[in-house]
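Mind looking over this structure? Questions follow.
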Amino acid sequence: MRWLWVDRFTEFVSGSHAKGIKNVSLVEEAVDNYCPGYPFLPPTLIIEGMAQLGGILVAEHFLFDKRVVLAKVGRAKFHAPALNGTTLQYEVKMDAVQENGGTVTSTSHCDGEIQAEIDLMFAFLEDGYLIDGPLFEPDDLKVMLRIMKFFSVAVDANGNRFPTYDKLN
């Protein structure tokens, strides 16, 4: 089972930002079972969706050569619940990257209104620390990115479509 909390990328600019959507649906057990009788997407899964976008933004900056993991949620402010039947528009902006990790700021909007604001920090796992090898097999990551339409919208900082990535072949 995949745990994708982003349905589709809508925009991706290398080193800058990523946008995506998440449709909140009763089909997902987490929406229906989190608070019986009041279906909504749990805030932790909104954070995870933004972390998935942000992690891909940071990993792509390093040509998918780093093992990027969510290290810290710096700040999370929720303005409204993500109710069943709504579409969340996520936007993640790159703040900084350094040799040991990166930071992003992210927002979620619903029907044009701010739904959440979240600051995230990512770390890079060193070889031999916790696990050996990649977090995802290259083919699995490539399929996941294809499912989320990453390759359909991703451009470099100059607006050019991306070439293939050595780590994903």
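Provide the descending list of Cα extents for the range 35-105 along its principal axes, expressed in whole angstroms.
Principal axes ranked by extent give 46, 21, 18 Å for the Cα atoms.
Using the basic label-point model (7 angstrom from Cα toward the beta carbon), what is the THR10 to VAL73 distance in nanometres?
Reported label-point gap for THR10 and VAL73 is 2.3 nm.
Can you give the FRET efficiency to the nearest 0.05 for GLU117 and ASP139, using r as the Cβ-Cβ distance and R₀ = 30 Å?
Details: r = 35 Å, r/R0 = 1.17.
Efficiency at R0 = 30 Å is approximately 0.30.
PHE162's amide H: which non-local residues (gap 5+, or another chain) put their own amide H closer than 5 Å, with H modeled 1.01 Å from N in plane and none for Pro or chain starts?
Here ASP156 satisfy the definition.
Could you put ARG67, ARG75, ARG8 in order, starting from the residue whose Cβ has the fewest other Cβ atoms within 10 Å?
Taking fewest neighbouring Cβ atoms as first place, the list is ARG75, ARG8, ARG67.
At 0.36 nm per residue, and after removing the present C-alpha to C-alpha distance, how many nm does the segment from GLU29 to ASN160 gain when stretched out fully?
Working it through step by step, the gained length comes to 43.2 nm.
Please build a GNM for the chain, connecting alpha carbons under 10 Å apart, and tell me which residue among LEU53, LEU120, LEU45 fluctuates the most.
For the chain, modelled as a Gaussian network with Cα springs under 10 Å, the answer is LEU45.
With +1 on the Cβ of every Lys and Arg and -1 on the Cβ of every Asp and Glu, and nothing else charged, how large is the dipole of the chain about its Cα centre, in debye rounded to the nearest 20?
Values: 15 positive and 23 negative charges, 56 e Å.
Taking the Cα centre of the chain as origin, the dipole is about 280 debye.
Next up: Per residue of the range 6-13, in order, report the coupling 6.51 cos²θ - 1.76 cosθ + 1.60 (Karplus, θ = phi - 60°) as ³J(HN,Hα) in whole Hz, putting x for Gly and Pro.
10, 7, 6, 6, 10, 7, 8, 10
Related question: Return the Rg/Rh value of the range 1-58, two decimal places, where both radii are evaluated on C-alpha atoms and Rh is the Kirkwood radius.
In the range 1-58, Rg relative to Rh is 1.04.
State which entries of LYS19/LYS77; LYS72/LYS149; LYS22/LYS66; LYS72/LYS142; LYS66/LYS93; LYS22/LYS167 exceed 23 angstrom in Cα-Cα distance in the structure shown.
Values: LYS19/LYS77 19 Å; LYS72/LYS149 27 Å; LYS22/LYS66 26 Å; LYS72/LYS142 26 Å; LYS66/LYS93 19 Å; LYS22/LYS167 27 Å.
With Cα atoms farther than 23 Å apart: LYS72/LYS149; LYS22/LYS66; LYS72/LYS142; LYS22/LYS167.
Please give the direction-averaged projected area of the C-alpha convex hull for the chain, in square nanometres with one decimal. Walk me through the intermediate numbers first.
Numbers: hull surface 40.6 nm².
Result: a mean projected hull area of 10.1 nm².
Relative contact order of the range 8-168: what whole-number percent is it, with Cα pairs under 8 angstrom and at least 6 residues apart? Intermediate results must be reported in sequence, preceding the final value.
Working: 312 pairs, mean separation 45.0, N = 161.
That works out to 28 percent.
None of the figures in this text is laboratory data; all of them are computed from the coordinates on show. Just so it is clear, the model here is predicted, and its values are computed rather than measured. With ideal geometry, Cβ positions are generated from the backbone for all residues, glycine too; neighbour counts draw on all protein chains shown.
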